[in-house]
Amino acid sequence: METDPEFAERLAAVRARIARAAEKSGRPADAVKLVGASKTVTAEHIRTAVASGLVDLGENRVREAEDKIATIGPGPVWHLIGHLQSNKARRAVALFDWIHSVDSARLADALDRLAAELGRRPKVLVEVNTAGEASKEGVPPAEALALVEHVARLPHLELRGLMTVGPLVERVEDARPAFRALARLFEQAGGLDTLSMGMSGDFEVAIEEGATMVRIGSALFGARATQDAQHAQH
């Protein structure tokens, strides 16, 4: 599998930034998992990214991911990081190792039932709308812990943590309160190990606030990976 020197350079630069932010928060670089948000990126380009050492890939849409996963074959760990419609839930369970966007008990119950039918046990995150923006998906913060408790009881889902999409802000520092709010919920929930927050424009602040997983699109793949700007969940 051929590598792309330009991509490898961007990957190294992002990893260096992750390491610096993790150090600032008193943690080692390997405490933060990098998920490459590969929405709109071709399967060919993803192959070169994997050859360069990118293991985890995040897709927004089930249908787009289905073609890529079939083309690329085994190797990458696939994350569904976009909103999940109930009519796509079966394919999501079949395709993805991680589902970041569990935002209701009804969706969680459907995923649990489908996972039992398919003999799967996906890792899942509860998505919380700490930004308070109507354009964002996710359970309201006040309802998050109740949903965490509900999902934790479902036998065919492996609840790992929480996810949020940062607010659309002009100054990256203004995203900090939303990340801090999710970190507080994470601590209150207890027993979880994954705090997925931070994208290309704000991941260093997210790491400083405790992120253990960041979803990076444009900083790795270029602007075509982020056509919907920050309203896209990558």
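Would you mind finding the one in Ala115, Ala142, Ala178 that is over 28 Å from Ala94 (Cα atoms) and buried (at least 22 other Cβ atoms within 10 Å of the Cβ)?
Being over 28 Å from Ala94 (Cα atoms) and buried (at least 22 other Cβ atoms within 10 Å of the Cβ) holds for just one of Ala115, Ala142, Ala178, which is Ala178.
Given the conditions (1) in contact (Cβ under 8 Å) with a residue 40 or more places away in the chain; (2) in contact with a helix residue (DSSP H, G or I) (Cβ under 8 Å, 6 or more places away or on another chain); (3) not hydrophobic (A, V, I, L, M, F, W, C), and given that His83 satisfies all but one, which numbered condition is not satisfied?
(2)
Out of the residues in the stretch 77-105 that are assigned to a helix (DSSP H, G or I) and not hydrophobic (A, V, I, L, M, F, W, C), which is surrounded by the fewest Cβ atoms within 10 Å (Cβ to Cβ)?
Applying the filter and picking the extreme gives Asn87.
Can you list residue pairs whose Cβ atoms sit under 8 Å apart, with the first residue in the stretch 99-112 being over 24 Å from Val35 (Cα atoms) and in contact (Cβ under 8 Å) with a residue 12 or more places away in the chain and the second being assigned to a strand (DSSP E or B) and among the β-branched types (Val, Ile, Thr)? Count only pairs 6 or more apart in sequence or on different chains.
none
Check Leu111, Leu107 and return the single one that is touching a helix residue (DSSP H, G or I) at 6+ places or on another chain (Cβ under 7 Å) and under 20 Å from Gly191 (Cβ atoms).
The unique qualifying residue is Leu111.
Can you name every residue in the stretch 208-221 that is part of a loop (DSSP other than H, G, I, E, B), within 24 Å of Ile46 (Cα to Cα) and out of contact with any His (no Cβ under 9 Å at 6 or more places or on another chain)? Working first, answer last.
In the first step, residues of the stretch 208-221 are kept if they are part of a loop (DSSP other than H, G, I, E, B); the result is 209-212, 217.
Next, only the ones that are within 24 Å of Ile46 (Cα to Cα) stay: 212, 217.
Within the stretch 208-221, Thr212 is the sole residue that qualifies.
Would you please name the residue that is surrounded by the fewest Cβ atoms within 10 Å (Cβ to Cβ), looking only at residues in the stretch 208-234 that are at pLDDT 95 or above and polar (S, T, N, Q)?
Per the stated criteria, the residue is Ser218.
Does Lys68 qualify as being surrounded by 19 or more Cβ atoms within 10 Å (Cβ to Cβ), without any contact (Cβ under 8 Å) to a residue 60 or more places away in the chain and within 20 Å of the chain's Cα centre (by Cα)?
yes
When you go through (1) under 19 Å from Phe221 (Cα atoms); (2) within 18 Å of the chain's Cα centre (by Cα) one by one for Glu9, which number turns out not to apply?
(2)
The values are calculated or read from the model by the stated rules, or taken from the named source; none is laboratory data. Since we're looking at a predicted model, the values are computed, not measured. Glycine gets a Cβ as well: all are built from the backbone with ideal geometry, and neighbour counts include every protein chain shown.
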